1. For the charge dipole of the chain, defined by +1 on Lys and Arg C-beta atoms and -1 on Asp and Glu C-beta atoms about the Cα centroid, which residue among I124, Q58, Q12 has the Cα displaced farthest towards the positive pole?
2. Can you give me the accessible area per residue for the chain, using a 1.4 Å probe, in Å²?
3. GNM, the chain, Cα, under 10 Å: largest mean-square fluctuation among I106, I67, I91?
4. Let me check something: with ligands and nucleic acids excluded, how do R177, R82 order by accessible area (1.4 Å probe), largest to smallest?
5. Would you mind checking which residues have amide H under 5 Å from I114's amide H? H placed 1.01 Å from N; only 5 or more apart, or other chain.
6. Could you please state how large a percent of the accessible area of the chain is carbon and sulfur, counting protein chains only and using a 1.4 Å probe?
7. How high is the relative contact order of segment 33-97, in percent, counting Cα pairs under 8 Å that sit 6 or more residues apart?
8. Could you give the dipole magnitude of the chain about its Cα centre, charging the beta-carbon of Lys and Arg +1 and that of Asp and Glu -1, in debye to the nearest 20?
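The values are calculated or read from the model by the stated rules, or taken from the named source; none is laboratory data. Quantities reported herein were computed from a predicted structural model and do not represent experimental measurements. Counting neighbours? That spans all protein chains shown, and the Cβs are built from the backbone with ideal geometry, glycine included. We work out accessible area using only protein heavy atoms, side chains counted, and drop any ligands, DNA or RNA first. Shrake-Rupley method; radii C 1.70, N 1.55, O 1.52, S 1.80 Å.
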Amino acid sequence: MNNMDLIKLTEQTKKLTALVVEDEKVTNELLSSTFKNFFSGVESCFDGESALKLYEKQQPDVVFVDIIMPGMDGIELSRKIREMNKDQIIIVISASNDMEKISESIEVGVNSFIQKPIDTKKIIELLGNVVAMIAKKKKIETKTFSISLPLDLYETVNDNAKAESISKNAVIIRALRSFYD
């Protein structure tokens with residue numbers, strides 16, 4: 001990835017917030033400080049229980065979670081977050097090779113799994129995937145725009161659209177803009 005691509009990536013990620021959940025102090029600090037270079041805000045927790053409370057308050061765009069933690073593990077935390085927000089982006093960062101834990105995290109619906117130790121190249125690739133996931137999600141949200149109009153108003157919109165050779169949505173959007181300005 002060249003510097004220009006990295007700048008564009010950072011411009012996108014700087015619009016987002018993140019939560020890092022990692023029980024190992026040094027790893028937590030390393031991940032948090034690294035992600036602060038990319039995200040507008042980064043919070044961190046050392047266990048699942050406090051992470052869940054913080055998640056409810058902050059609603060970050062991305063949650064990075066370790067699998068193996070004392071108390072509530074990363075899989076259970078991911079499951080509870082998924083129950084609150086089915087579209088939440090959850091990325092597991094773990095040193096675990098336990099295929100059962102990995103497959104269980106996939107069943108919970110985590111968006112991505114990255115193996116520790118993490119290098120800069122992996123982080124940049126991961127963040128590129130995060131930006132792509134969010135862009136796809138926003139594209140789907142914007143496609144579902146629809147509005148119901150009374151018949152007489154619909155005919156006026158339709159006539160205006162034909163007269164100006166523009167879409168009916170463009171006429172409606174222009175009318176809404178003038179109304180709210």
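1. Value: Q12.
2. 62 Å²
3. So, out of I106, I67, I91, the one fluctuating most is I106.
4. Descending order: R177, R82.
5. Residues meeting the criterion, in which the H sits 1.01 Å from N, are V92, I93, S94.
6. 54 percent
7. 33 percent
8. 720 debye
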